[in-house]
Amino acid sequence: MIRISHLAPILFLVTLLAGCDSPSPQFMRGERFEAEVEGSRFTIWRLGEAVEIYRTSPEVLPRMSEVFAKAEAAVRQTTGCGIDSGSFKGDAALMIAALDCS
C-alpha cells in the first residue's frame with residue numbers, strides 16, 4: 001500500500017514541472033509573450049516565423065482540440081499572426097508552429 005506521505009515529493013515535482021515555460025535551446029534568443037485565453041495561460045516564444053507555445057495553467061485532462069484552439073488564439077493575440085496550416089504540432093503542454101503573418 002502506498003502512503004500519501006510517500007506521494008508528496010512526486011506531486012511537488014509534477015506541480016513544479018507543470019509550470020515550466022523555459023524555451024528550448026533554439027528559442028532562447030526569441031521574444032517572450034504571455035497570454036490567457038478562456039482560463040488557460042500560455043507562454044509563447046517567437047523566433048522569426050516560428051513559435052513554441054507552453055500551456056502553463058494546470059488543467060485536468062484537457063481536450064486537445066480545446067487546448068490547440070486556445071493556443072492558436074493566444075498566438076494571434078500576442079504576435080498578430082495566425083498559424084500556418086498544417087504546421088501546428090505538439091501535446092497539451094508544449095506546441096510548436098510556423099506563423100502565417102500575411
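Looking at region 33-51, can you tell me whether even one residue there is within 16 Å of Cys101 (Cα to Cα) and charged (D, E, K, R)?
yes
Residues that are on the phi < 0 side of the Ramachandran plot, surrounded by 14 or more Cβ atoms within 10 Å (Cβ to Cβ), at pLDDT below 85 and not in a strand (DSSP E or B): does region 59-79 have at least one?
no
One residue is enough: does region 28-37 have a residue meeting the conditions at pLDDT 95 or above and among the small types (Gly, Ala, Ser)?
Yes, region 28-37 contains a residue that is at pLDDT 95 or above and among the small types (Gly, Ala, Ser).
So, in region 29-51, of the ones that are closer than 16 Å to Ala69 by Cα and of a type in the set (Gly, Ala, Ser), which residue ends up farthest from the chain's Cα centre (by Cα)?
Among them, the one singled out is Gly39.
Of (1) exposed (fewer than 14 other Cβ atoms within 10 Å of the Cβ); (2) of a type outside the set (Val, Ile, Thr); (3) in contact (Cβ under 8 Å) with a residue 12 or more places away in the chain; (4) within 22 Å of Glu31 (Cα to Cα), Lys89 satisfies all except one. Which?
The failed condition is (3).
When the residues of region 70-86 are filtered to those that are of a type in the set (Gly, Ala, Ser) and in contact with an Asp or Glu (Cβ under 9 Å, 6 or more places away or on another chain), which remaining residue is farthest from Ser40 (Cα to Cα)?
Ser85
The values are calculated or read from the model by the stated rules, or taken from the named source; none is laboratory data. Keep in mind that this is a model prediction, so the values were computed, not measured. Note that each Cβ is placed from the backbone with ideal geometry, even for glycine, and that neighbours are counted across all protein chains shown.
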